[in-house]
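To start, the structure itself, in C-alpha cells.
Derivation of every value follows stated rules applied to the coordinates shown; laboratory data play no part. It should be emphasised that the depicted structure is a prediction, and the values quoted were computed from it without experimental measurement. Because the Cβ atoms are built from the backbone with ideal geometry, glycine has one as well, and the counts that use them run over all protein chains shown.
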Amino acid sequence: MIRFDRLALLCLAWLLAALQPPAAAAQPAAAAPAVEVTQPAAVPTLAITPLPAVTSRPTPTQAAPPVRLAFDEDPPAEELDLRPPLYDLPWAIQAGDHFLFQWPIAADRISWIEPNYRYGDYFPDSEVIHTGIDIEVARGTPVLAAGPGKVVWAGYGLLLGRGNLDDPYGQAVVVRHDFGYGSRQLFTVYAHLDRIDVKEGQYLEAGDPLGLVGSTGKVTGPHLHFEVRVEQNAFHTSRNPELWIAPPQGYGVLAGRITRTSGLPFPDLDVFIQSLETGKRWQVRTYGPLSANGDDFYRENLALGDLPAGRYQVKFYYNWSWRTHEITIQPGMVNYFTYSLRDGFVDGPPNPAASWSPPEWSTP
Ligand SMILES: [Zn+2]
C-alpha cells in the first residue's frame with residue numbers, strides 16, 4: 001500500500017478559521033453556506049433500544065485470519081491485513097459508548113485509518129483543521145453507507161456552495177441516519193469520491209454502495225474522507241468518527257482529555273502511545289482549536305482507535321517534563337483517561353457526579 005506523508009493526505013475540511021463560528025452550535029447558517037440544515041427534532045418514530053448491560057462484556061475474538069498480499073514496499077504488517085470483523089451494531093458495553101456505524105469500506109478490501117492525519121489535527125500556518133478521518137484505500141473501491149438513512153447531499157460544493165467545483169470535499173455524499181443521539185440527528189459524510197451512485201432523497205440501508213473512492217477536491221492521493229456530524233449537517237458539528245464506528249473485534253479505543261491549569265483542553269499536543277507487549281508505537285495529537293469537538297459525554301481532546309487490546313504506555317511532554325502513564329485497552333470499548341497538572345492521570349470515564357449523563361441513542 002502506498003504510504004502518504006502527513007501533508008500528502010491533507011484532504012479537507014480545510015476549515016478556514018475565517019469560516020469558523022466562535023462556538024459549536026452557534027450560528028450554523030452563517031458557517032455552512034448552502035449546506036443543508038435539517039430539522040433538529042425529527043426522529044420521532046424511533047424505538048429506543050436500551051444499552052446492553054455493562055456486565056455483559058463480551059469475550060472478544062482476536063483478529064480474523066489475515067490475508068496477506070505481496071507488495072514491493074514493506075509497510076507495517078498490520079496495514080497489509082484486512083480489518084478484522086467489527087463488533088455487531090449497535091455496540092455499547094458501557095454507558096457513554098455509542099458505536100453506531102459500520103466501517104464504510106467492505107470487509108474484503110484493505111483499508112485502515114491514515115495514522116498521521118487524524119480527527120482534530122490542526123495546521124496553524126494554513127488554519128486547516130481536520131474534521132474527519134482519512135481512510136487509506138485504493139481508488140475505485142466502493143464506498144458503503146455506514147448506517148441506514150437518506151441521502152441529503154450528493155455532489156460538489158458541500159462546504160462552499162452547491163456545484164462549486166473548487167470545493168475541498170470534492171464530490172461528496174451526506175447521509176442523514178434513521179437513528180439519533182438523544183433527540184439529535186446523526187449524519188455521515190463521504191468525500192473525495194470519483195463517482196457518486198446515489199441521488200438526494202434516496203434511501204440507503206447500511207452497507208449499500210453510494211460511490212467510489214477517488215481524489216476529487218483538496219487531495220494529493222485517493223482516499224476516503226469520512227465524518228460524523230451531530231444535529232446539523234455542518235462542518236462545525238463534527239465529532240471524532242473513531243468514537244462512533246464499531247471497532248474491529250479484539251480492538252479498543254483510547255480517549256483522553258488533557259487540560260491546562262485553567263481546566264480548558266490543551267490543544268495540539270503530541271501524545272505518544274506504545275504497546276507494552278509488542279513495542280508498536282502510535283502518535284496522536286490533541287485536537288486543535290476551532291472546529292474539532294469533543295464527545296458530549298467524554299469531552300475528550302484526543303482519541304485513537306484500532307488499538308489491539310493490551311497494556312500501553314501513554315506519554316507526552318507537558319510543562320517541561322515528560323508525563324507517562326500505563327493504561328489497559330479493553331476491547332470493544334472506549335478506554336478513557338484525564339490528565340491535569342493538579343490531579344495527574346486519572347483513569348475511567350468522566351466523573352459521574354456531574355449532573356449530566358450520556359443521552360440514549362435510538363435505532364431504527
Ligand atoms: Zn480527510
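Worth pointing out:
- Ranked packing of 199-209, 244-254, 267-277, most packed first, by mean Cβ within 10 Å: 244-254, 267-277, 199-209
- By the rule of a C-alpha distance below 17 Å, with chain neighbours fewer than 8 residues away ignored, the aspartates and glutamates paired with LYS315 are ASP268, ASP270, GLU277, GLU300, GLU326, ASP343, ASP347.
- Karplus-derived 3J(HN,Hα), 6.51/-1.76/1.60, for each residue of the range 204-220, Hz, glycine and proline x: 10, 8, 4, x, 5, x, 10, x, 10, 4, x, 9, 6, x, 7, 9, 10
- Anisotropy class assigned to the range 251-362 is oblate, per the alpha carbon gyration tensor with a/c at or over the 1.5 cut-off and a/b no larger than b/c.
- Note on PHE337, PHE99: ascending count of other Cβ atoms within 10 Å places them as PHE337, PHE99, the fewest first.
- The H on the amide N of ILE110, modeled in the peptide plane, is under 5 Å from the matching H of no residue at least 5 residues off or on a different chain.
- Between the amide H of HIS223 and those of GLY214, distances stay under 5 Å, these residues lying 5 or more places away or on another chain, with hydrogens modeled in the peptide plane.
- Simple spin-label estimate for ASN351 and ASP270 gives 3.3 nm between the two label positions (7 Å along the Cα-to-Cβ direction from each Cα).
- Taking a straight line from the alpha carbon of LYS199, these lysines sit under 22 Å away, with near neighbours fewer than eight places off in the same chain left out: LYS150.
- Ordering of 176-187, 293-304, 311-322 by packing is 293-304, 176-187, 311-322, highest average first (other Cβ atoms within 10 Å, averaged per residue).
- In order along the range 299-313, the phi-based Karplus estimate (6.51 cos²θ - 1.76 cosθ + 1.60, θ = phi - 60°) of 3J(HN,Hα) comes to 6, 6, 10, 7, 8, 9, x, 6, 9, x, 4, x, 9, 9, 10 Hz; Gly and Pro are listed as x.
- Backbone phi angles across the range 178-190, fed through the Karplus curve with coefficients 6.51, -1.76 and 1.60 (θ = phi - 60°), yield HN-Hα couplings of 6, 10, x, 10, x, 8, 9, 7, 10, 10, 10, 10, 10 Hz in residue order; Gly and Pro are listed as x.
- Summarising the amide proton neighbourhood of GLY182: residues at separation of 5 or more, or on other chains, whose placed amide H is nearer than 5 Å comprise GLU360, TRP361, SER362.
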